[in-house]
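What follows is one structure encoded as structure tokens, with my remarks underneath.
Where a number appears in this text, it was derived from the coordinates with a stated rule and is not lab data. Computed from a predicted model, the values in this text were never measured in an experiment. Cβ atoms come from the backbone with ideal geometry, glycine included; neighbour counts cover every protein chain shown.
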Amino acid sequence: MSNHRLTQLQPYPFERLRDLHKDWQHHGDLAHIPLSLGEPKHPPPRFVVEALANVDALTQQLGIYPATKGNDDLRLAISEWLERRFAIRVDPDQQILPVYGTREALFAVAQALLSGKPGSLVGMPNPFYQIYEGAALLAGASPLYIANLEENDYQADFAAVTDAQWQAIEMVYVCSPGNPTGQIMSETDMEELIALAHRHDFTVVSDECYSELYYDDKNIPSSLLAVAQRVSQRMGKRPFERCLSFHSLSKRSNLPGLRSGFVAGDPELVRQYLSYRTYHGCAMSAHHQHASALAWRDETHVIENRLLYRDKFAAVGDILAPHYDLRQPQGGFYHWLRTPIDDLSFSQRLLQEQHVTVMPGTFLGRDTATNELAGGNPGQGHVRVAWVAAKEDCLVAAQRLADFAINLSADGGR
């Protein structure tokens, strides 16, 4: 016997990428530059590294079973950051739960909160972070892919969802700034989604792990909770009712290996999620909690990190703009790049000729031709380019992408 739902899972994008590239290896002398994985490569904050390496503190902390709820100081540090960053008043005791990285938490929240009843749906953007899909399937729900199309400025087309579908939805995942599109969800769209959640009785899960990487100080990402706070006060609802927000230190602080994040929001949902996690056994270790609190309390390294990305995007943009239909993302660290040939062939040939790896958009989306929503795979005809490496490597990679476009143009795009 086995869990039959496991058979519904599709291969992860990186598995598909390895298979796509198996016969397209580079045989020249160019060094490989990987731009397919969103793994931050900027240096982590020195003070976090030093805290993790403190032998005396580590000796004490390793002798402690960590609490699933996290320690008081970490939850306080998170609540203080939420108030500074988003002007949100969040109770650190009832409305915050530290998690062992948002990837694990975004998956586990569906297992904790979905009913598993036949016919239930989980809405998610398309293209999307594949954890959302796997979480829905393994919780016994069906994904409802909501297209983020170029003609809609890569925003979710909620208007295409029918009343019957809204009634069947138990949870909606949103991501702002989006992975892979880089688009920021407006507060107006957030408020409309929260209103739908109250009308149709579902939970909104907001993945905000890219919120500190933005490129226009006049268009700074908001949080679902900032909007929910106003809605709750106006409608007489409990604080942040039906809304949960997920944040991470991976992108904000260049600490992907720390596996540290948090969920905050509706105290009733946090209570249920904590009950699940008490059995799930994913408490963050005590030394990671201490280092995380230090990171949430410091903003200097975040500002410096954001400036590094802004500088890189400006530099690679100057190189790429003459050769591609280039669109500056509003946030995150990806270019969602339109390809002059189909994205699978683009990725294969780019690797073979220029020794640069990018992620085909086809692998990040799903074909929805069989349902009422916009047909086709909205990831098709795009590649995701992750500008996470050092600036020098990114400039070399950008020039290779430019050279590749020139070569494609010379041979008629074949």
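Computed values, structure above
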{"item": "Too-long pairs where the Cα-Cα distance tops 29 Å, listed order kept, from LYS69/LYS218; LYS69/LYS391; LYS22/LYS117; LYS218/LYS251; LYS117/LYS251", "result": "LYS69/LYS218; LYS69/LYS391; LYS22/LYS117; LYS117/LYS251"}
{"item": "Relative compactness, segment 256-399, computed as alpha-carbon Rg over 2.2 N^0.38 Å", "result": "1.39"}
{"item": "Cα-only Debye scattering, the chain: base-10 log of I(q)/I(0) at q = 0.06, 0.14 Å⁻¹", "result": "-0.24, -1.33"}
{"item": "Residue-averaged 222 nm ellipticity for the chain, from DSSP H runs of 4+ at -39500 (n - 2.57), nearest 500", "result": "-13000 deg cm²/dmol"}
{"item": "Which of CYS175, CYS394 has the fewest Cβ neighbours within 10 Å, and the rest in rising order", "result": "CYS394, CYS175"}
{"item": "Residue of TRP336, TRP81, TRP24 that the Gaussian network model of the chain assigns the largest fluctuation, springs spanning Cα pairs under 10 Å", "result": "TRP24"}
{"item": "Most to least packed among 111-118, 402-409, 26-33, 251-258 [average Cβ atoms within 10 Å]", "result": "251-258, 402-409, 111-118, 26-33"}
{"item": "Gyration tensor over alpha-carbon atoms, segment 109-167, equivalent ellipsoid semi-axes in Å", "result": "22, 14, 7"}
{"item": "Charge sum, other residues only, whose C-beta stays under 13 Å from TRP336's C-beta, Lys/Arg counted +1 and Asp/Glu -1", "result": "-1"}
{"item": "Footprinting exposure proxy for SER275, SER345, SER245, SER176 (fewest neighbouring C-beta atoms within 10 Å first)", "result": "SER275, SER345, SER245, SER176"}
{"item": "Values of log10 I(q)/I(0), in the order q = 0.14, 0.19, 0.22 Å⁻¹, for segment 157-272 under a Debye, Cα-only, solvent-free model", "result": "-0.60, -1.05, -1.30"}
{"item": "Average projection area in nm² (convex hull over Cα atoms of segment 64-296, one quarter of hull surface)", "result": "12.0 nm²"}
{"item": "Proximal charge balance of ALA197 [Cβ under 9 Å; K/R count +1, D/E count -1]", "result": "0"}
